[in-house]
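S.K.: Just passing along the structure, written as structure tokens.
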Amino acid sequence: MTRAMVTTPQAEAQVYLHGAHVTHFQPRGEQPVLFMSARSRFEPGKPIRGGIPIVFPWFGKLASDPAAPMHGVARLAEWRIQSATQAGDGSVTLVLGLDTDKGTHPGWPHACELRYHVGIGSALDIALEVRNCSQQAITFEEALHTYLAVSDVRQVSIAGLAGTEYLDKTDSMSRRTQGAESIRITGETDRVYLDTKTTCVLDDPSGGRRLLVDKRGSNVTVVWNPWIAKAHAMPDFGDDEWAQMLCLETCNAADNAVTLQPGHHHEIQATIRSEPRSGE
Ligand code: TA6
């Protein structure tokens, strides 16, 4: 598979054309920020496990066609490099492109232009732009399904979602409200936080760092960890890898799906960066 290996004064990164998939981001002198499964597949028609899969145009299962690929078609498609530019400070921006049309999938016969901007500097800046090139309004779901690398998920905490309503996918999508305390991961966790625009901060004590996910154009945040049983059930995921990752996903889905009029475009954007824990 073709990938772009990018090295800048601030960081290094890898981006596969398959799914426009960022699989690696490592600021100079720091640990990798993204988790990649040692058992990930790298084959046509299969998603890459880890890094940042792009979810589009449906999140999860497609209600009208349960046989349709989970999380849509964008992460399974071959994207092309539109441009690669370097700024004065040495940071690099790649733009990848994918166009959809009536032949893309029966569940998505719409003409759209997708442009994915990947900025590699001291932070990782990613933005998915969707342009509706059809004659009718379209509605879609999307996610930058980020797998963050953590030293031990049982010790991390996530701040930024206090008081936010969420759908609990481990309990038949029941609606709940997050308490005031930071989120701790103590079992399989799969939550769709609604109507939230806030920055999330993942505190990783034994990793000695905090990972921050700031976002724009997104009203949903998903928090996911498969824990033990789900990890065992996933063929492209190591049985013990659940402790080394947490997905903090920048999304628009469910109540917050996006509707675009003809000729209009929408952008979802996330900035991912790490900083030392205070005093460390
Ligand atoms: O974003 C969380 C989630 O929707 C979970 O329900 C889980 O299925 C995860 O995505 C991974 O999905 P995948 O299709 O990559 O196995």
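The values are calculated or read from the model by the stated rules, or taken from the named source; none is laboratory data. As the structure is a prediction and not an experimental result, all values here were calculated from the model. So basically every Cβ, Gly included, is an ideal-geometry build from the backbone, and we count neighbours across all protein chains shown. Heavy atoms of the whole protein, side chains included, go into the accessibility calculation; ligands, DNA and RNA do not. Shrake-Rupley method; radii C 1.70, N 1.55, O 1.52, S 1.80 Å.
S.K.: Working only with C-alpha atoms, what are the Rg and Dmax values of the range 140-280, expressed in angstrom?
M.R.: Rg, Dmax (Cα atoms, Å): 15.4, 51.
S.K.: For the range 143-225, divide the Cα radius of gyration by the Kirkwood radius and give the resulting Rg/Rh value with two decimals.
M.R.: Working: Rg = 12.3 Å, Rh = 13.1 Å.
Here Rg/Rh amounts to 0.93.
S.K.: If you scale each eigenvalue of the Cα gyration tensor by 5 and take the root, what three semi-axes come out for the range 206-280, rounded to whole angstrom and sorted largest first?
M.R.: That gives 29, 21, 9 Å for the three semi-axes.
S.K.: Now for a separate question. Going through the range 197-266, which trypsin sites (Lys or Arg not before Pro) have at most 16 other Cβ atoms within 10 Å and a DSSP loop state? Please report the intermediate quantities before stating the final value.
M.R.: Working: sites: 197, 209, 210, 215, 216, 230; in loops: 197.
The qualifying sites are 197.
S.K.: Still on this structure: Apply the Karplus curve 6.51 cos²θ - 1.76 cosθ + 1.60, θ = phi - 60°, to the phi angles in the range 111-120 and return the couplings in whole Hz, x for Gly and Pro.
M.R.: 7, 9, 10, 10, 10, 10, 9, 10, x, 10
S.K.: While we're looking at this one, here's another question. Rounded to a whole number of µm²/s, how large is the Stokes-Einstein D of the range 1-126 at 37 °C and 0.692 mPa s, given Rh as the Kirkwood radius over C-alpha pairs? Numbers along the way, then the final one.
M.R.: On the way: Rh = 15.4 Å.
Rounded, D is 214 µm²/s.
S.K.: Also, quick follow-up: Please identify the GluC sites (Glu not before Pro) of the range 155-188 that satisfy two criteria: DSSP loop assignment and at most 10 other Cβ atoms within 10 Å. Which are they?
M.R.: The qualifying sites are 181.
S.K.: Return the whole-Å distance between the Cα centroid of the range 1-48 and the Cα centroid of the range 233-252.
M.R.: 15 Å
S.K.: If you average the sequence gap of Cα pairs under 8 Å that are 6 or more apart and divide by the length of the chain, what percent do you get for the contact order? Intermediate values should be presented prior to the final figure.
M.R.: Values: 771 pairs, mean separation 51.5, N = 280.
Relative contact order, the chain: 18 percent.
S.K.: Now a separate question. Among 70, 36, 5, what's the order by accessible area (1.4 angstrom probe), most exposed first?
M.R.: Descending order: 5, 70, 36.
S.K.: Under 5 Å between amide H atoms, partner at least 5 residues away or on a different chain: which partners does residue 238 have, H built in plane at 1.01 Å?
M.R.: Those qualifying (amide H under 5 Å, at least 5 residues apart or on another chain) are 38, 39.
S.K.: Okay, next question. If you take the alpha carbon radius of gyration of the chain and divide it by 2.2 N^0.38 Å, what ratio comes out, to two decimals?
M.R.: For the chain, the normalised Cα radius of gyration is 0.96.
S.K.: Given charges of +1 on the Cβ of Lys and Arg and -1 on the Cβ of Asp and Glu, with all other atoms neutral, how large is the dipole of the range 207-280 about its Cα centre, in debye to the nearest 20? If you can, show how the numbers build up before the last one.
M.R.: Values: 7 positive and 10 negative charges, 60 e Å.
Using Cβ point charges on Lys, Arg, Asp and Glu, the range 207-280 gives about 280 debye.
S.K.: With θ taken as phi - 60° and the coefficients 6.51, -1.76 and 1.60, list the Karplus ³J(HN,Hα) couplings across the range 182-199 in order, rounded to whole Hz; mark glycine and proline as x.
M.R.: 5, 6, 10, 9, 10, x, 4, 10, 8, 10, 10, 7, 9, 6, 10, 10, 7, 6
S.K.: Pull out a ≥ b ≥ c, the square roots of the eigenvalues of the alpha-carbon gyration tensor of the range 111-154, then state rounded if a/c is under 1.5, prolate if not and a/b is larger than b/c, and oblate in the remaining case.
M.R.: oblate
S.K.: On the full set of protein chains, 1.4 Å probe, figure out the accessible area of residue 228 and give it in Å² to the nearest 10.
M.R.: Only protein atoms counted, so the area is about 80 Å².
S.K.: Given H placed on each backbone N at 1.01 Å, which residues far from residue 10 in sequence or on other chains put an amide H within less than 5 Å of it?
M.R.: none
S.K.: Still on this structure, please answer the following. Would you please give the residues with an amide H less than 5 Å from that of residue 61, counting only those at least 5 places away or on a separate chain, with H modeled from the backbone geometry?
M.R.: 71
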